[in-house]
Amino acid sequence: MFVSGFSIVRNAIKYDYPIVEAITSILPLCDEFVIAVGKSDDATLDLIRGIADPKIRIVETVWDDSLREGGKVLADETNKAYDAISEKADWCFYIQGDEVIHEKFHPAIKAGMQQWKDERNVEGLLFNYTHFYGSYDYVGDSRKWYRNEIRIVRKNKTIRSYKDAQGFRHKDNSKLKVKAIDASVYHYGWVKPPEAQQAKQQSFHKMWHDDEWMKKNIPQVNEFDYSQIDSLAKFQGTHPAVMQNRINKMNWKFSFDPTQKKWGMKMKFLMWWERITGARIGEYKNYTLL
């Protein structure tokens, strides 16, 4: 079984992306790793080269910042990395620059890839998600956070990164047929120093919206206001080993009362129903679960 990892990155240092941790968290499962490194305003290229692993192959790119509608530039860059993967790949393991895989999930991921390797109707593998917010001690527990997404796909010319690169679909817009595996992606995109988080918001939203929208919706402040979140829960588990050094260097304070729920009556009902049944009414699913 040949497994290719792939990802994209630009300005990782400037916006404090844990891209090194992301890559190294799945390297043990990969036979190669293709990383599309966009021309950056910082030393991101040197950062990736510094990993110094022979599995890693760098593709230098230039992002088309005119693709502002719906985050298309992210999918465009993801497709560049995906297209550079070896044709002998049985599976292609996608990891974004703020996502990390805990080593405890490696056996389940490897077993899933092996189990479904020869079942060609299985076009991808579906992961659970744990979204951290504000600090490494809190996770999002409301409906605003997506619960699942595809992170392993076949090497297939009909498969493309979808919309803003959150998931994948076929070129004809049909959903991939997937199997769920018992593994989670730890998403750290909302855990940054407040000033870095604000800078990221100002840069990131430019990939979706025009200048007028930016002026109306993104505050011109120095630090991100983490207190605006609707609901959080205390994280009870452990973090991936590759994240420990970053966690030890955390230099800002964030606290939240998990009993505080900023929900209206409709949201309270929907959350109650989800806790009782496990079903999320109106949930967006970018896949067909086999």
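Points to keep in mind about this one:
- Rounded to the nearest 500, the helix-only mean residue ellipticity at 222 nm of the chain stands at -7000 deg cm²/dmol, with each DSSP H run of n ≥ 4 adding -39,500 (n - 2.57).
- Entry for the range 1-131 at q = 0.15, 0.19 Å⁻¹: log10 I(q)/I(0) = -0.73, -1.14, Debye formula applied to identical alpha-carbon scatterers, no solvent contribution.
- For peptides 165-172, 13-20, sequence by mean Cβ density within 10 Å, most packed first: 13-20, 165-172
- Inverting the pair-averaged 1/r between distinct Cα atoms of the range 2-73 gives 12.8 Å as its Kirkwood hydrodynamic radius.
- Proxy reagent accessibility, fewest Cβ within 10 Å first, across 145, 91: 145, 91
- Peptides 109-120, 256-267 ranked from most to least packed give 109-120, 256-267, packing being the mean of other C-beta atoms within 10 angstrom over each peptide's residues.
- Using the empirical formula 2.2 N^0.38 Å as the baseline, the Cα radius of gyration of the chain reaches a ratio of 0.99.
- Amide proton proximity set for residue 254, modelled H, under 5 Å, gap of 5+: none
- Building the convex hull from the alpha-carbon atoms of the range 109-208 and averaging its projection over directions returns 8.0 nm².
- Taking a sphere under 14 Å around the Cβ of residue 101 and counting the other residues whose Cβ falls inside, with K and R at +1 and D and E at -1, yields a net charge of -3.
- Applying the Karplus relation 6.51 cos²θ - 1.76 cosθ + 1.60 with θ = phi - 60° to the range 170-185 yields 3J(HN,Hα) values of 7, 4, 7, 6, 6, 6, 6, 8, 10, 10, 7, 10, 8, 8, 10, 8 Hz, where x marks Gly and Pro.
Computed from the coordinates by the stated procedures, all read-outs in this text should not be read as laboratory data. Nothing here was measured: the structure is a model prediction, and the numbers come from that model. Heads up, the Cβs are rebuilt from the backbone with ideal geometry, glycines too, and the neighbour counts pull from every protein chain shown.
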